Amino acid sequence: MDPIRQNLPVLLDGLRLTIQYSVVAIILMVVIGLIAALMRLSTVAPLRWIATAYVEIFRSTPLLVQLFFIVLGLPAILPVNQWFGQLTYPILAAAITLSLNEGAYVTEIIRAGILGVDRGQKEAAQSIAMNGFQTMRYIVLPQAFKRMIPPLVNQAAQTIKDTSLLAPVGIAELVYKGEIVIAETFASFAIWGLIAALYFVLIFSLSKFASYLERRLQVDKR
């Protein structure tokens, strides 16, 4: 029997987990990035220092090393497997590590978007008695978000591709399942080709959705 048709359910199960990890990581990276960006722009020095340290650490070390350190290394010095469960901890730790890594890049995207808003907009908001929170929520972020769509979509696409790095730490996503199938069938060319096609479909669909969103919001790309 054709190894692809025979093992397609296994690969689709891996694809399902890849999508789940991607969705969770994309949501968390935006939340983390927004919080860290606001901390970096804060007038409170300790908040800026913490956010800067976070960004520099996670952007200056490889994601795979971070995954090995947190998923496999941390249990050697802390009883995290007892706290969260031996089966639950690797899944939870992998999702959080991926989100933190991607969030460091999103932090800079959001910070740049906020700084790109005309200062006159902020001064106009202050002139009508808006406080800092109201100015950020109603004036700055809505304008900055439109400009951030293209780089955020690029980062989301990178996040989907980065889920493939979860395989070496034992997360049964698409690449992990593919390696199992290849070990059983030796059909490496066909299986890797299918895996590449599945990633292409995911990222191509995301880019098309982003293009639609940009048109609806009339994003200025200048």
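The values are calculated or read from the model by the stated rules, or taken from the named source; none is laboratory data. Predicted model only: the values in this text are computed from it and were never measured. Every residue, glycine among them, receives a Cβ derived from its backbone with ideal geometry; neighbour counts consider all protein chains shown. Side chains are part of the model used for accessible areas, which takes the heavy atoms of the whole protein and leaves out ligands, DNA and RNA. Shrake-Rupley method; radii C 1.70, N 1.55, O 1.52, S 1.80 Å.
State the number of residues belonging to segment 159-185 that are more than 16 Å from Val201 (Cα to Cα) and among the hydroxyl-bearing types (Ser, Thr, Tyr).
Total satisfying the criteria: 2.
What tally of residues in segment 165-183 results from selecting those that are touching a residue at least 60 places away in the same chain (Cβ under 8 Å) and either in a helix (DSSP H, G or I) or in contact with a Gly (Cβ under 9 Å, 6 or more places away or on another chain) (or both)? It would help to see each step written out before you state the result.
Of all residues in segment 165-183, those touching a residue at least 60 places away in the same chain (Cβ under 8 Å) come to 165-166, 168-178, 180-181.
After this cut, where a residue has to be either in a helix (DSSP H, G or I) or in contact with a Gly (Cβ under 9 Å, 6 or more places away or on another chain) (or both) as well, the list is 165-166, 168-169, 172-178, 180-181.
Residues that pass the stated criteria total 13.
So, in segment 114-134, of the ones that are modelled with pLDDT of 80 or more and open to solvent by less than 80 Å² (accessible area, probe 1.4 Å), which residue ends up farthest from Tyr54 (Cα to Cα)?
Applying the first criterion (modelled with pLDDT of 80 or more) to segment 114-134 yields 114-116.
Going one step further and asking which of them are open to solvent by less than 80 Å² (accessible area, probe 1.4 Å), we end up with 114, 116.
Details: Ile114: 19, Gly116: 22 Å.
Applying the filter and picking the extreme gives Gly116.
Could you tell me how many of the residues in segment 41-94 are under 29 Å from Ile109 (Cβ atoms) and open to solvent by 50 Å² or more (accessible area, probe 1.4 Å)?
Count: 20.
Taking Val117 and the conditions (1) assigned to a loop (DSSP other than H, G, I, E, B); (2) in contact with a Lys or Arg (Cβ under 7 Å, 6 or more places away or on another chain), which numbered condition does it fall short on, given that it satisfies the others?
Here Val117 meets the rest and fails (2).
Considering Phe204, Phe200, Phe209, Phe189, which residue is in a helix (DSSP H, G or I) and over 26 Å from the mean Cα position of the chain (by Cα)? Can you show your working first?
Numbers: Phe204 fails: over 26 Å from the mean Cα position of the chain (by Cα); Phe200 fails: over 26 Å from the mean Cα position of the chain (by Cα); Phe209 fails: over 26 Å from the mean Cα position of the chain (by Cα).
None of the other options fit; the residue is Phe189.
Arg111 fails exactly one of the following numbered conditions: (1) in a helix (DSSP H, G or I); (2) free of Cβ contacts under 8 Å to residues at least 60 places away in the same chain. What is the number of that condition?
All conditions are met except number (2).
Name every residue in segment 161-192 that is among the aliphatic types (A, V, I, L, M), under 20 Å from Arg5 (Cβ atoms) and open to solvent by 40 Å² or more (accessible area, probe 1.4 Å), in order of residue number.
The answer is Ile180, Ala183.
Would you point out which residue out of Ile182, Ile195, Ile203 is touching a Leu at 6+ places or on another chain (Cβ under 8 Å), within 19 Å of Leu166 (Cβ to Cβ) and at pLDDT 90 or above?
Details: Ile182 fails: touching a Leu at 6+ places or on another chain (Cβ under 8 Å); Ile203 fails: touching a Leu at 6+ places or on another chain (Cβ under 8 Å).
The unique qualifying residue is Ile195.
So, in segment 18-40, exactly how many residues are open to solvent by less than 40 Å² (accessible area, probe 1.4 Å), within 12 Å of the chain's Cα centre (by Cα) and closer than 15 Å to Glu108 by Cα?
2
Just for segment 138-167: of the residues that are over 14 Å from Ile110 (Cα atoms) and more than 18 Å from the chain's Cα centre (by Cα), which one is modelled with the highest pLDDT? Outline the logic, then answer.
Just the residues of segment 138-167 that are over 14 Å from Ile110 (Cα atoms), to begin with: 138-139, 157-167.
With more than 18 Å from the chain's Cα centre (by Cα) added as a condition, the list becomes 138-139.
Working: Tyr138: 71, Ile139: 78.
Out of the qualifying residues, it is Ile139.
Which one of these is over 21 Å from Ile171 (Cα atoms) and open to solvent by 80 Å² or more (accessible area, probe 1.4 Å): Arg137, Arg111? Give the steps one after another, and end with the answer.
Details: Arg111 fails: open to solvent by 80 Å² or more (accessible area, probe 1.4 Å).
Sole residue among the options that is over 21 Å from Ile171 (Cα atoms) and open to solvent by 80 Å² or more (accessible area, probe 1.4 Å): Arg137.
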